[in-house]
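Report on one structure; see the data block that follows.
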């Protein structure tokens, strides 16, 4: 008998998610139990979360997370669905997805979006479309790092860890809000997020609660005093050898000066100086984002695998 129940056993969810991750992407380090629980307990700002467990004959077999945007993208549900490898091909995934569809319908939401590396047959059988294809690349930073030449004339570099200087918050919000406009989104039904200074601070606090350290480098336009380029590397505090290269964005009015590559190179050195044990950095980019893929390749990133953001419209 298979039942879908509200999640009350965090250890069961952790064991399912970890086994699934180690089967599908074994080179990506999985969180400690303590860090994992902070993600369950602290949803991303502007989102509410629902957590469910699939129980098969008394044994936890699958875990479903639904993230519900509250400030924008109100027609969407972000879905994280994990089935323990020992329980795959027994209907567990279908049951969890059916529950996700039912909840989306009850909440008046139309699009379920989920990212996966090894679920093509399952997603297509469910009627989902491959809305965005992404390449995960990895940089080995145990050797010499790329050149960190100074910023172009008229710009100065700034750095910070975790909490941004107060005077940069509005500019960070503006840049972050542009991401869905500037980065390819394929056929995903997503709209730009509305990010202000308060939401930037809320994101910083959530990352702290989730036991992550973030390293940032930006470029300030000296004439206007505005932050016009920004990049971030994030690393879990109990996984010192690995990190993720997250957002890199340059204001459209200030492109063509090499600012993206400059801030990324400087941020690499900044992160490795702060974490001498850091050995590898992963990043994901849309297949169609040829410009950023060329930058990453020039830095030494090499492709590892392909992920798909699937979208199911109900």
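Gap in Å between the Cα centre of the range 30-71 and the Cα centre of the range 241-263? Cα centroid of the range 241-263 versus Cα centroid of the range 30-71: 31 Å apart.
Listing 193, 166 from fewest to most neighbouring C-beta atoms within 10 Å gives 166, 193.
For the chain, the 222 nm mean residue ellipticity estimated from helices alone, with every DSSP H stretch of n ≥ 4 adding -39500 (n - 2.57) and the total spread over all residues, rounds to -9500 deg cm²/dmol. Once you treat every alpha carbon in the range 201-266 as an equal point and sum by Debye, what is log10 I(q)/I(0) at q = 0.24, 0.25 Å⁻¹? So the normalised log intensities are -1.00, -1.04. For the chain, find the longest principal axis of its Cα atoms and tell me its angle to the long axis of helix 259-274, 0 to 90°, nearest 10. Approximately 80 degrees, to the nearest ten.
The equivalent ellipsoid that matches the C-alpha gyration tensor of the range 2-109 spans semi-axes of 22, 18, 12 angstrom, in descending order.
Averaged across orientations, what area in nm² does the convex hull of the alpha carbons in the chain project?
Numbers: hull surface 61.9 nm².
The Cα convex hull of the chain, projected and averaged over all directions, gives 15.5 nm².
Please report 129, 78, 16 as a ranked list, fewest other C-beta atoms within 10 angstrom at the top and most at the bottom. Numbers along the way, then the final one.
Working: 129 16, 78 19, 16 23.
Final ranking by Cβ density, sparse to dense: 129, 78, 16.
For the chain, the relative contact order works out to 23 percent when only alpha carbon pairs closer than 8 Å and six or more residues apart are counted.
Determine the shape class of the range 217-305: with a ≥ b ≥ c the square roots of the Cα gyration tensor eigenvalues, call it rounded for a/c under 1.5, and otherwise prolate if a/b is greater than b/c, oblate otherwise.
On the way: a/c = 2.36, a/b = 1.34, b/c = 1.76.
Here the range 217-305 falls in the oblate category.
Could you please rank 4, 263, 195, placing first whichever residue has the fewest other Cβ atoms within 10 Å of its Cβ? The partial results should precede the final answer.
Numbers: 4 17, 263 28, 195 24.
Starting with the residue having the fewest Cβ neighbours, the order is 4, 195, 263.
In degrees, nearest 10, range 0 to 90: what is the angle between the Cα axis of helix 290-299 and the longest Cα principal axis of the chain? On a 0 to 90 degree scale, this one is about 70.
Read-outs throughout are calculated quantities, based only on the coordinates presented, and are distinct from any laboratory measurement. Computed from a predicted structure; not experimentally measured. Glycine gets a Cβ as well: all are built from the backbone with ideal geometry, and neighbour counts include every protein chain shown.
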